[in-house]
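Comments concern the structure below.
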Amino acid sequence: MKRLCSLVVSLLVLCWAVLPALNLTASATTVNLMANPSAETANGASPANWTADSWGTSNTTLSYASTGNTGVRSLLITTSGRSSGDSKWIPDAVNVTANQSYTYADYYQTDVTTELDAQYTNAGGAVSYAYLATVPASATWAPITTTFTIPSTATKVSVMHILAANGSLQTDDFSLTTTTPVTPPGNTDGNLVSNPSFETANGNIPANWQNGGWGTNTSIFTYVNNDGHTGIRSAKVQTTAYTSGDAKWYFAPIAVQASTAYTLSDYYKSTISSSLVAQYTDAAGVVTYQTLSVPTSSSTWQMATVNFTTPATAKTMVIFHLITGVGTLQIDDVSVIPTTVTPPTSPSISLTSPAANTVVSGTVSVNATASSAAGVNNVQFKLDGINLGSPVTASPYQTSWNTISTPNGTHSLTAIVTANDSQSAVSTTVNVTVNNQSATGNQISNPSLEIVDPANAKQPLNWNSSTWGTNKTTFSYLATGHSGTHSVKTQISSYSSGSSYWGFAARPVTPGQLYDFTDYYKSNVVNEIDATFTMSDGSVQYQYLGDPSPSPNSWTKFETQFTAPTGAVSVTMAHNIYSVGWLTTDDYSLTTFSYQGFNRPIISITSDDAYASYYKYGLPLEQKYGLTATDYILTGYINNTTGYMTSAMVKALYAAGHEIGSHSVSHLDLTTVTATKMDAELKNSQTFLQTLLGVPIKDYAAPYGAYNQQVVNNSKLYYQTYRGVQSGYNAKNNFDANNIMVQNLVVTTTLAEVKSWIAQAQATNTWLVLVYHQIDPSAAAGEYNTYPSDFDAQLAAIKASGVAVETVAQAVAEIQPQL
């Protein structure tokens with residue numbers, strides 16, 4: 001799960017990725033919102049209010065340094081031997097206001113390029129990430145500052161200074177402050193761009209301007225103060241390393257009229273050719289792009305100008321002057337002005353419905369307006385370039401389209417008008433998405449991959465392959481499958497970073513709606529499933545859904561439920577691999593879902609691993625509230641390993657009314673061992689506990705949450721349940737005794753999150769299973785720890801809810817007759 005932080009930032013290079021959200025910048029005030037901003041306050045051997053975090057393959061040390069930019073403390077990261085992942089010190093999350101601008105700053109010294117990213121948390125506890133800035137190397141202490149706007153759903157933020165390369169990074173003197181927008185003077189020449197000559201500063205960047213990009217490249221953005229085409233200011237971007245994507249400065253969105261002519265001009269200097277690209281947003285928040293021109297390189301200030309017409313649905317627009325390679329681009333005096341257009345004498349035609357980028361189903365009326373000085377002879381509608389119905393010879397110009405006969409997915413509509421003098425004209429293409437649900441309610445088009453793309457026989461219709469990062473990936477459209485005669489395969493033969501997957505075309509979703517996602521897979525490596533949401537403002541949010549374990553020999557079903565976040569418009573799934581290995585998938589399903597609840601809500605408290613700290617600090621608190629739990633014991637560590645329970649402690653837990661379950665002998669991932677070793681881990685741990693307690697041991701918790709069909713089949717020989725770590729709630733219509741859904745407690749879990757889980761179980765009459773590990777007052781206990789004070793508050797909330805608290809065995813006995 002830790003790898004999701006870096007994954008989310010990097011996923012911007014995927015084929016359905018969009019450009020960064022556009023925000024007004026702001027200037028900082030003086031109230032620092034961060035706790036322990038100079039890292040001078042220690043919490044034992046660590047800085048208070050800071051958490052060390054690292055993932056991937058590398059030799060990384062995160063240390064609390066005794067030198068600093070100011071004071072005697074700072075945060076140091078040193079990495080060598082890296083092939084993947086990143087490292088960072090994460091500050092405590094700060095409460096923030098949605099849509100408010102904030103300025104982040106720190107001092108740093110590093111011998112490699114680093115990065116600033118934001119980690120947002122919403123009221124429901126869901127986490128999303130956003131790239132903020134690329135930070136160049138500096139051998140001495142140097143400041144870095146960036147301004148950003150909080151998304152509409154976020155309530156907390158942590159800004160992270162990330163090292164994702166071999167080298168070192170030392171940071172100090174952190175600051176996060178609210179900002180007040182700077183308003184540039186208004187234009188008097190009709191120019192719609194505010195601060196077009198960059199002369200009005202907003203801190204260390206021009207007011208009304210933002211910089212950014214996407215893809216795999218290293219780019220430095222400079223607010224130039226001594227070289228302008230007019231005045232002394234301009235904006236410069238320099239790309240020093242490039243694999244994919246682009247980099248640019250861009251102004252805040254401007255309101256425009258639909259189907260209206262405009263003239264764009266700016267002055268530029270560049271060492272490579274560049275591109276002028278228009279981004280349009282309609283009333284529904286749907287974003288489209290249009291390349292306007294490709295200016296050539298110029299060592300002196302050169303004017304670029306182009307006339308263009310906005311789409312029929314455009315409401316706002318941004319122009320990007322960008323580069324897509326190693327080189328520099330400097331711009332100044334940007335202008336967007338409406339153009340006076342002489343009415344054409346040739347015929348004209350415009351599609352009026354359906355609107356561009358809308359979702360259609362069933363029978364749809366396709367309408368157009370047409371005119372000609374010579375009179376209109378007929379209008380012919382076309383679907384994907386093929387005639388749709390017969391020519392219409394009289395107004396109103398319309399035809400009927402039965403979308404049931406059209407495959408789900410994106411399709412294009414056009415119309416051709418022919419005048420009485422034989423002149424003709426073609427309308428602007430309107431793209432719409434057909435979404436006719438199957439009888440089962442599956443919203444994925446071509447879910448079993450059986451329909452071949454007529455334009456490319458090497459892939460299924462409405463599916464595309466995607467990869468990012470540094471790896472060698474082969475994508476295959478197979479002639480075998482879980483059902484039918486097709487499936488898709490992703491195989492990575494060499495790997496340094498990134499991930500690869502097959503993905504279906506984005507499907508519309510309803511914010512706040514609960515959905516069920518399933519697919520079938522085979523794989524010889526751990527894989528991952530993530531949901532990618534496109535939001536109404538054009539931004540992207542990501543949800544981690546799970547890490548399915550290897551299952552190379554048999555098809556295994558993955559299933560989970562998730563809720564579409566507020567503001568979501570559409571979703572697609574990435575079932576991906578991120579290491580050398582292969583993954584084959586088939587039979588995808590995305591349906592709306594509602595829990596079929598039990599007779600009443602139930603809560604089960606569980607613990608994993610048999611830490612002595614859980615016995616010392618957790619058991620007294622459970623007894624304080626009269627609550628019992630199911631404790632999954634790692635038997636090979638009992639009496640043998642410091643920090644773990646003794647046999648006497650396990651007996652005391654059982655005597656206190658707790659259920660004792662098995663957590664294997666030696667905490668191995670059972671999907672990676674031989675059948676003989678798997679059986680020994682399952683059987684010997686059960687035998688040890690039954691001999692110790694003299695009672696049957698019925699329930700098992702999987703180390704790392706790992707399982708596949710082979711493991712499940714073997715575990716059924718000994719246990720009635722197999723509990724993993726997949727997030728969710730257990731109900732009549734999703735209950736699986738061999739994949740009990742849970743909510744995982746970590747050191748950063750808040751009381752509000754626990755209360756929201758309880759409230760969800762109460763509202764839906766579902767079974768909520770909580771997973772704890774250590775209960776320890778020491779900060780050194782790590783990520784999978786819960787402080788005793790937090791555990792006390794969480795147990796108090798459980799008790800106050802009035803929901804029945806049962807062991808796993810008790811809960812299973814209650815719900816099985818209801819299934």
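Remarks
- Computed lengthening from Thr641 to Lys472, 0.36 nm per intervening residue step minus Cα-Cα distance: 56.6 nm
- Heavy-atom accessible surface of the range 200-266: percent carbon and sulfur, 1.4 Å: 46
- Using a probe of 1.4 Å on the protein chains alone, the accessible area found for Met317 is around 0 Å².
- Angstrom value of the Kirkwood radius, inverse mean 1/r, which spans all Cα pairs in the range 69-199: 16.6
- Net dipole in debye of the range 238-354 [+1 Lys, Arg Cβ; -1 Asp, Glu Cβ; about Cα centre; nearest 20]: 80
- What you get for the chain, charging only the Cβ of Lys and Arg (+1) and of Asp and Glu (-1), is a dipole of about 660 debye around the Cα centre.
- Our coupling estimate for the range 370-377, obtained by passing each phi through the Karplus curve with A = 6.51, B = -1.76, C = 1.60 and θ = phi - 60°, is 9, 8, 6, 4, 8, x, 8, 8 Hz, Gly and Pro reported as x.
- Positive-end ranking of Met678, Gly581, Ala568 along the dipole of the range 559-706, with charges on Cβ about the Cα centre, is headed by Met678.
- Heavy atoms of Val426 accessible to a 1.4 Å probe, total area in Å² rounded to 10: 100
- Extreme residue, positive dipole direction of the chain, given options Val805, Tyr707, Ser197 (C-beta unit charges): Tyr707
- Listed residues Arg233, Arg82, Arg600 arranged by accessible area, highest first, probe 1.4 Å: Arg600, Arg82, Arg233
- Kirkwood hydrodynamic radius over Cα pairs of the range 84-137, then Stokes diffusion coefficient at 4 °C and 1.567 mPa s, in µm²/s: 97
- Separation of the Ile386 and Ser554 label points, Cα + 7 Å toward Cβ, nm: 4.3
- Placed amide H near Lys156: partners under 5 Å, 5+ positions off or other chain: Val96, Thr121
- Table column - 3J(HN,Hα) (Hz), the range 722-728, Karplus curve with 6.51, -1.76, 1.60, x for Gly and Pro: 9, 9, x, 10, 6, 6, x
- Residue order by solvent-accessible surface for Tyr289, Tyr501 is Tyr289, Tyr501, largest first, with ligands and nucleic acids left out and a 1.4 Å probe.
- Dipole of the chain computed with +1 at Lys/Arg Cβ and -1 at Asp/Glu Cβ about the Cα centre; of Val526, Gln170, Thr646, farthest Cα towards the positive end is Val526.
- Tensor-based shape of the range 737-789 (alpha-carbon gyration tensor, a/c under 1.5 rounded, otherwise prolate or oblate): oblate
- Amide H contacts for Gly661 (H built 1.01 Å from N in the peptide plane; partners 5 or more residues away or on another chain; cut-off under 5 Å): Asp631, Tyr632, Ile633.
- The order of Glu814, Glu528 by accessible area, most exposed first and with a 1.4 Å probe, is Glu814, Glu528.
- Equivalent ellipsoid semi-axes - Cα gyration tensor, the range 680-771, angstrom: 27, 15, 13
- Placing +1 on the Cβ of every Lys and Arg and -1 on the Cβ of every Asp and Glu, with no other charges, gives the range 100-249 a dipole of roughly 240 debye about its Cα centre.
- In this structure the chain gives 39 Å² per residue of accessible area when probed at 1.4 Å with all protein chains present.
- Mean projected area (nm²) of the alpha-carbon convex hull when the chain is viewed from all directions: 37.6
- Measuring only protein heavy atoms, the 1.4 Å probe finds Lys472 accessible over about 130 Å².
- Close amide H pairs (under 5 Å, H built 1.01 Å from N) link Ala314 with Ser259, residues at least 5 positions away or on another chain.
- Within the chain, antiparallel bridges make up roughly 90 percent of the DSSP beta bridges whose residues both belong there.
- Helices that extend 15 Å or more along their long axis by alpha-carbon positions and average at least -1.0 on the Kyte-Doolittle scale are, among the DSSP H runs of the chain, 675-693, 751-764, 788-801.
- Whether the range 310-463 is rounded, prolate or oblate, judged on the alpha carbon gyration tensor where a/c under 1.5 counts as rounded: oblate
- Cα extents for the range 231-390 along the principal axes, largest to smallest and rounded to whole angstrom: 58, 36, 26.
- Using the Cβ-Cβ distance between Ala455 and Asn49 with R0 set to 51 Å, the FRET efficiency works out to roughly 0.40.
- Sequentially through the range 576-584, phi angles give Karplus couplings (6.51, -1.76, 1.60; θ = phi - 60°) of 10, 10, 9, 7, 5, x, 9, 8, 10 Hz, Gly and Pro residues having no value and appearing as x.
- Extension gain from Thr748 to Thr230, taking 0.36 nm per residue of separation minus the Cα-Cα distance: 181.3 nm
The values are calculated or read from the model by the stated rules, or taken from the named source; none is laboratory data. In this text the structure is predicted, and so the values were computed from the model without any measurement. Neighbour counts are summed over all protein chains in view; Cβ atoms, including those assigned to glycine, are modelled from backbone coordinates with ideal geometry. These accessible areas exclude ligands, DNA and RNA; they are computed on the full protein's heavy atoms, side chains included. Shrake-Rupley method; radii C 1.70, N 1.55, O 1.52, S 1.80 Å.
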